[in-house]
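The values are calculated or read from the model by the stated rules, or taken from the named source; none is laboratory data. This one's a predicted model, so the numbers in the text were calculated from it and none came from an experiment. Using ideal geometry, Cβ is built from the backbone for each residue, glycine included, and neighbour counts are taken over all protein chains shown. Note: accessible area is taken over every heavy atom of the protein model, side chains too, but ligands, DNA and RNA are not part of it. Shrake-Rupley method; radii C 1.70, N 1.55, O 1.52, S 1.80 Å.
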Amino acid sequence: MDFEKLCNKILEIDPHVRFTGILDSKGDLIIEKNRDDTTLLNEQEVKMSVHYTFERWTRLQNLSYKFGKEKLSVTEYENVILISIQFGKNLFLLSTDPNIDYMNIINKTKSIIVELQN
């Protein structure tokens, strides 16, 4: 899959999408794309946020035998909404502006991931 194409396509689906990225199964950020005018975190803070996301995702894998595999996670903060969508061994990350209907963005993102996997 062309990860750069995926990240760029998701940035284009809605002007409220601020950041897209892909985290591999080792916790490394393979690629990241930002909307130029909406950078909330500096480089070090992005690394810290990605680390916390990977840590949470890894911890929840310990309960997958009961819950099943995590498919989606949404965390709403006052200033940003963080969304993680698992696909394959990777985790697709995106952030949006606060106080929006993010389900439409999630549904479009899932459709694009499926389309690009085929």
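Has the stretch 90-113 got any residue that is modelled with pLDDT under 90, among the polar types (S, T, N, Q) and touching an Asp or Glu at 6+ places or on another chain (Cβ under 8 Å)?
Within the stretch 90-113, none of the residues are modelled with pLDDT under 90, among the polar types (S, T, N, Q) and touching an Asp or Glu at 6+ places or on another chain (Cβ under 8 Å).
A quick yes/no check of all residues on (1) basic (Lys, Arg); (2) more than 13 Å from Ser84 (Cα to Cα); (3) open to solvent by 30 Å² or more (accessible area, probe 1.4 Å):
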{"residue": "Ile22", "(1), (2), (3)": "no, no, no"}
{"residue": "Asp28", "(1), (2), (3)": "no, yes, yes"}
{"residue": "Glu32", "(1), (2), (3)": "no, yes, yes"}
{"residue": "Asp36", "(1), (2), (3)": "no, yes, yes"}
{"residue": "Asn42", "(1), (2), (3)": "no, yes, yes"}
{"residue": "Val46", "(1), (2), (3)": "no, yes, no"}
{"residue": "Ser49", "(1), (2), (3)": "no, no, yes"}
{"residue": "Thr58", "(1), (2), (3)": "no, no, yes"}
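Does Ile10 satisfy being at negative phi, open to solvent by less than 60 Å² (accessible area, probe 1.4 Å) and not in a helix (DSSP H, G or I)? Don't jump to the end; show me each part of the working.
On the way: at negative phi: yes; open to solvent by less than 60 Å² (accessible area, probe 1.4 Å): yes; not in a helix (DSSP H, G or I): no.
Here the answer is no, as Ile10 does not meet what is asked.
Of the residues Gly27, Gly21, which single one is under 14 Å from the mean Cα position of the chain (by Cα) and not in a strand (DSSP E or B)?
Numbers: Gly21 fails: not in a strand (DSSP E or B).
Just a single option satisfies the conditions, and that option is Gly27.
Could you please find all residues in the stretch 62-80 being in a loop (DSSP other than H, G, I, E, B), open to solvent by 50 Å² or more (accessible area, probe 1.4 Å) and hydrophobic (A, V, I, L, M, F, W, C)?
Step one: list which residues in the stretch 62-80 are in a loop (DSSP other than H, G, I, E, B), which gives 62-63, 68-71, 77-80.
Within this subset, residues satisfying the condition of being open to solvent by 50 Å² or more (accessible area, probe 1.4 Å) are 62-63, 69, 71, 77-79.
Hit for the stretch 62-80 is Leu63, nothing else.
Out of Ile83, Ile106, Ile100, Ile112, I need the residue that is in contact with a Ser or Thr (Cβ under 8 Å, 6 or more places away or on another chain) and either touching a residue at least 60 places away in the same chain (Cβ under 8 Å) or surrounded by 14 or more Cβ atoms within 10 Å (Cβ to Cβ) (or both). Which one? Write out each step before concluding.
Working: Ile106 fails: in contact with a Ser or Thr (Cβ under 8 Å, 6 or more places away or on another chain); Ile100 fails: in contact with a Ser or Thr (Cβ under 8 Å, 6 or more places away or on another chain); Ile112 fails: in contact with a Ser or Thr (Cβ under 8 Å, 6 or more places away or on another chain).
Answer to the selection: Ile83.
Tell me which residues, restricted to the stretch 87-109, are basic (Lys, Arg) and in a strand (DSSP E or B). Reasoning before the result, please.
Step one: filter the stretch 87-109 for residues basic (Lys, Arg), giving 89, 108.
If the condition is that a residue be basic (Lys, Arg) and in a strand (DSSP E or B), then no residue fits.
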